[in-house]
Amino acid sequence: MNDSPDMMKGTTTVGIIFDGGVVLASEQRASMGYLIANKHAKKIYQIGRRFGMTTAGGVGDAQQLAKIMTIESNLYEIRRNRPMSVRSAAALLSNLLHGNRGYPYGVQLLIGGVDESGPVLFSVDYMGGSSEENRVVATGSGSPMAFGVLEDRYKPGLQKNEAIELAIRALHSAIKRDMGSGEGLSISVITKDGYVELTSEEIEQYNPYS
């Protein structure tokens, strides 16, 4: 990773599978070294009808990948008259990153959503390595703190409201201890009915610390 101005040096993103869907969540701080470059950074992108992607790493790289994946998802649906599956999206993303190893994208990604197989969640590293997650996952500089909360509080059969609250708890833990994570929260909920980005007011209703 280089030290270009568009490089985010700290991030925490979280993915959680619940009964019937997936929660993707992140904090909103973008930092460059000791500088807080942006307090409202976008780190979650909808790239398909029922799946999305979280980003940690270079802002420019993340935005470019989100554009590419959104275009590919739309083209897939037009050509085949059916939505791209989450697994197909993860495989495409992995191949894209693997093919750019000579000049790699500086990112760490989560891609999750719901398709014909149910809720699905993948983590993909900057070299194209992809792994399917069957419960929870976190990325970024605050991920060690987030993982501690996620692993301690996750339970099988988690309901949507419980998953949202767990994501908030994990992000709050990261924000307290990781200087690269902070500011507000972004949360998206994906079910068979579609992709929903929660408003700040809706997030506050689930916030156990409010």
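The values are calculated or read from the model by the stated rules, or taken from the named source; none is laboratory data. Being a predicted model, the structure only gives us computed values, none of them experimental. Positions of Cβ are backbone-derived with ideal geometry, glycine not excepted, and every protein chain shown enters the neighbour counts.
A few points about this structure:
- Selection from segment 155-210 of residues that are among the acidic types (Asp, Glu) and either under 19 Å from residue 112 (Cβ atoms) or out of contact with any strand residue (DSSP E or B) (no Cβ under 7 Å at 6 or more places or on another chain) (or both): 162, 165, 178, 193, 197, 201, 202, 204
Here's the yes/no breakdown for (1) within 18 Å of residue 19 (Cβ to Cβ); (2) part of a loop (DSSP other than H, G, I, E, B):
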position: 112; (1), (2): yes, no
position: 148; (1), (2): no, no
position: 151; (1), (2): no, no
position: 157; (1), (2): yes, yes
position: 165; (1), (2): yes, no
position: 174; (1), (2): no, no
position: 182; (1), (2): no, yes
position: 186; (1), (2): no, no
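- Restricting segment 176-210 to residues that are among the β-branched types (Val, Ile, Thr) and surrounded by 12 or more Cβ atoms within 10 Å (Cβ to Cβ), the residue that is nearest to the chain's Cα centre (by Cα) is 187.
- Single condition residue 103 does not satisfy, out of (1) surrounded by fewer than 23 Cβ atoms within 10 Å (Cβ to Cβ); (2) hydroxyl-bearing (Ser, Thr, Tyr); (3) touching a residue at least 40 places away in the same chain (Cβ under 8 Å): (3)
- Qualifying residue in segment 61-76 (condition: closer than 25 Å to residue 198 by Cα, modelled with pLDDT of 95 or more and not in a helix (DSSP H, G or I)): no
- Those strands (runs of 3 or more DSSP E) of segment 8-47 in which 2 or more residues are modelled with pLDDT of 90 or more occupy 13-18, 21-27.
- When 101, 82 are checked against the criterion of being at pLDDT below 95 and closer than 14 Å to residue 126 by Cβ, 101 stands alone in meeting it.
- Criterion (of a type in the set (Ser, Thr, Tyr), farther than 14 Å from residue 51 by Cα and outside any loop (DSSP other than H, G, I, E, B)) met by exactly one of 123, 141, 131: 131
- Residues located in segment 6-56, provided they are more than 29 Å from residue 193 (Cα to Cα), touching an Asp or Glu at 6+ places or on another chain (Cβ under 7 Å) and surrounded by 24 or more Cβ atoms within 10 Å (Cβ to Cβ): 29
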